[in-house]
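Student: Please read through the structure below; I'll follow up with questions.
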Amino acid sequence: MTTYLNPVLAGDRPDPAVIKVGDEYWMTYSSFESAPGLLLYRSTDLVNWTYEGPALENPVGITFAVDIAEVDGRFFIYIPFIPAPWSQLEAPSIYVIHAPSMRGPWSEPIDLGIRWAIDPGHVVGEDGTRHLFVSGIRRIELAPDGLSTVGELEQVYDGWRYPDEWVTEAYALEGPKLFRRGEWFYLVSAVGGTAGPATGHMVIVARARSVHGPWENSPGNPVARTQDASEKWWSRGHATILPGPGGQDWWMLSHGYENGYRTLGRQILLEPIEWSEDGWPVTASQDIGGALAAPSGAAPQAASSAFEDDFSGFRLGERWTFHAPSPGEAGRVSADDGLVVSGKGTGPGDTSPLAVIVGDHSYEVEVDVEVDGGEGGLLLFFNDRLFTGMGIDGERMRSYHGGRPTHWREPAPAAHRMTLRLRNDQHIVTGWYRVPGGEWVRHAIRYETSGFHANTMGDLLSLRPALYAAGEGSVRFRDFRYRPLG
């Protein structure tokens, strides 16, 4: 019997949206302030996922939880965008992109005119009409082509109320995902808040014979919830329930924080679903922290692996994305004996660094940095207010921790080129540097980063290795290396 361990896709990949297309599954997740956004992954067994490309080259705003739909052979991704300093949005707004296949090409975003709503969930009703359910839970009809709306949002479901003594972040009814099985429509949603206490976020289910309701709650709610902070996976929620390979078994994909590693963000979890005699989905395994039986025919789960990047075939999205980019940010980079990045801002916080999602508890990253009139370096970056690492400007080494320059002046030589290395060993961060032809020198100060997470900053992101180029001039990066430890 083939088994697997959660997560099935490691690192910060919150709010998974999944669709089954023939014998394949396609998935994306909230990309927030990263661009390109909506990175697409494909699988045949729900356990092993392969990156296929971005669906959203130019986000209109901060990209929240989406839904994927197929109608008459055309594919749609419904996207909530949140205002950002660089965007033209004045309120949370829902858009749509569409394509002839999941591989694209994807259209530019189309404004549906829906304001002050997030988390769209698409469904085709029993009469063939199309609808979006959104946070709240409210519903609006779509035009037959799915590219505009009919009427206004209306409240259609008030959720399931958990006992008041349960420790959660907030009620926060959100994340509707809908599917049809037999004569029933099922509405899967989340309550309890996606951050805060480990026992907050949970999955609930309701059903109706019509998309117009009335909706009845499952007597087994919640379908999934972290009941105790001693469990391996916290804040489980924002789920999609769908048939497995072969169509016999059913599975649920959701997200959750790993106990002790909130720094990695919300990772993608897979668990089996069974059906009660009276037609309700129930989780088949209360504990998803150990080995689980994989879907029939699944290949052995691929382990995390090292990689190197000389940037000769650099493509945004495959590994690297800009954090909080302005429109046209991709114009800052070019491949020329490495990756040349034009400077921006005054330091790591306002420079839109290039970051890569990781899912290992311990790892080492290394890169050759050459500055030409600016400052550049290597970071572990959470957001513009919280990061750690080091950089050079040709005159001195700058050390950063807690999102600001430290008082420590590292006695590194004045140099325009150095190789920098950071090791994150279960939250303990150690740095090294060397000049060309020289020996490695350990940075004098070590840092501890277990608090670099969403509950500290009120920002639903993760700690990621990142490259930054600040100030005037440019920075050339060569030979990036990533190596899991242990």
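The values are calculated or read from the model by the stated rules, or taken from the named source; none is laboratory data. Since the structure is predicted, the reported quantities are computational estimates derived from the model, not experimental observations. Every residue, glycine as well, gets a Cβ built from its backbone with ideal geometry; the counts of neighbours run over all protein chains shown.
Student: Quick check, is ARG42 outside any strand (DSSP E or B) and either basic (Lys, Arg) or free of Cβ contacts under 8 Å to residues at least 12 places away in the same chain (or both)?
Tutor: So ARG42 fails the test.
Student: Can you confirm whether MET390 is on the phi < 0 side of the Ramachandran plot and surrounded by 22 or more Cβ atoms within 10 Å (Cβ to Cβ)?
Tutor: It is true that MET390 is on the phi < 0 side of the Ramachandran plot and surrounded by 22 or more Cβ atoms within 10 Å (Cβ to Cβ).
Student: Still on this model: Do you know which residues across the stretch 411-425 are within 26 Å of LEU485 (Cα to Cα) and either exposed (fewer than 14 other Cβ atoms within 10 Å of the Cβ) or acidic (Asp, Glu) (or both)? Give the derivation first.
Tutor: Kept after step one, since they are within 26 Å of LEU485 (Cα to Cα), are these residues of the stretch 411-425: 418-425.
Once the filter is applied, which keeps residues that are within 26 Å of LEU485 (Cα to Cα) and either exposed (fewer than 14 other Cβ atoms within 10 Å of the Cβ) or acidic (Asp, Glu) (or both), the stretch 411-425 yields only ASP425.
Student: Sticking with this one: Across the stretch 338-382, what is the total count of residues that are among the polar types (S, T, N, Q) and buried (at least 20 other Cβ atoms within 10 Å of the Cβ)?
Tutor: 2
Student: A follow-up question, please. Under 6 Å between Cβ atoms, at least 6 apart or on separate chains: pull out the pairs that start in the stretch 65-88 with a residue that is at positive phi and end on any residue that is among the hydrophobic types (A, V, I, L, M, F, W, C) and part of a strand (DSSP E or B).
Tutor: Going by the 6 Å Cβ cut-off, there are no qualifying pairs.
Student: Taking the stretch 398-439, which residues are among the basic types (Lys, Arg) and either touching a Leu at 6+ places or on another chain (Cβ under 8 Å) or in contact (Cβ under 8 Å) with a residue 60 or more places away in the chain (or both)?
Tutor: Residues satisfying the conditions are ARG421, ARG423.
Student: Considering VAL282, VAL340, VAL358, which residue is assigned by TED's automatic domain parsing to the domain that holds SER43, at pLDDT 95 or above and either among the aliphatic types (A, V, I, L, M) or under 30 Å from HIS427 (Cα atoms) (or both)?
Tutor: Numbers: VAL340 fails: assigned by TED's automatic domain parsing to the domain that holds SER43; VAL358 fails: assigned by TED's automatic domain parsing to the domain that holds SER43.
That would be VAL282, the only listed residue that is assigned by TED's automatic domain parsing to the domain that holds SER43, at pLDDT 95 or above and either among the aliphatic types (A, V, I, L, M) or under 30 Å from HIS427 (Cα atoms) (or both).
Student: Something else now. Restrict the check to the stretch 327-337 and report whether at least one residue is surrounded by fewer than 14 Cβ atoms within 10 Å (Cβ to Cβ), within 25 Å of SER34 (Cα to Cα) and either of a type in the set (A, V, I, L, M, F, W, C) or in contact with a Leu (Cβ under 8 Å, 6 or more places away or on another chain) (or both).
Tutor: The answer is yes; a qualifying residue exists.
Student: Would you confirm, using the coordinates I've provided, whether GLY451 is at positive phi and either in a strand (DSSP E or B) or in the same structural domain as ASP372 (by TED's automatic domain parsing) (or both)?
Tutor: So GLY451 does not fit the description; no.
Student: Within the stretch 431-486, track down each residue that is within 20 Å of the chain's Cα centre (by Cα) and of a type in the set (Asp, Glu).
Tutor: Once the filter is applied, which keeps residues that are within 20 Å of the chain's Cα centre (by Cα) and of a type in the set (Asp, Glu), the stretch 431-486 yields only ASP459.
Student: Does the stretch 236-244 include one or more residues that are under 22 Å from ALA454 (Cα atoms), in contact (Cβ under 8 Å) with a residue 12 or more places away in the chain and touching an Asp or Glu at 6+ places or on another chain (Cβ under 6 Å)?
Tutor: Yes; the residues of the stretch 236-244 include at least one that is under 22 Å from ALA454 (Cα atoms), in contact (Cβ under 8 Å) with a residue 12 or more places away in the chain and touching an Asp or Glu at 6+ places or on another chain (Cβ under 6 Å).
Student: Would you pick out the residues in the stretch 312-328 that are over 20 Å from the mean Cα position of the chain (by Cα) and closer than 24 Å to GLN88 by Cα?
Tutor: The answer is PRO327, GLY328.
Student: Given the options ALA172, ALA229, ALA208, ALA143, name the one that is among the hydrophobic types (A, V, I, L, M, F, W, C), within 28 Å of the chain's Cα centre (by Cα) and at negative phi. Show your work before the answer.
Tutor: Values: ALA172 fails: at negative phi; ALA208 fails: within 28 Å of the chain's Cα centre (by Cα); ALA143 fails: within 28 Å of the chain's Cα centre (by Cα).
When all the criteria are applied, what remains is ALA229.
Student: Same structure again: Being hydroxyl-bearing (Ser, Thr, Tyr), touching a Gly at 6+ places or on another chain (Cβ under 7 Å) and outside the structural domain of PHE387 (by TED's automatic domain parsing) is true for just one of SER254, SER218. Which residue is that?
Tutor: Step by step, each of SER254, SER218 is checked, and only SER254 is hydroxyl-bearing (Ser, Thr, Tyr), touching a Gly at 6+ places or on another chain (Cβ under 7 Å) and outside the structural domain of PHE387 (by TED's automatic domain parsing).
Student: Another question about this same structure. Considering only the stretch 175-195, state which residues are at pLDDT 95 or above and within 24 Å of the chain's Cα centre (by Cα).
Tutor: GLY175, PRO176, LYS177, LEU178, PHE179, LEU187, VAL188, SER189, ALA190, VAL191, GLY192, GLY193, listed by residue number.
Student: Ok, one more. Is it the case that the stretch 50-57 has a residue that's among the polar types (S, T, N, Q) and in contact with a strand residue (DSSP E or B) (Cβ under 6 Å, 6 or more places away or on another chain)?
Tutor: The answer is yes; a qualifying residue exists.
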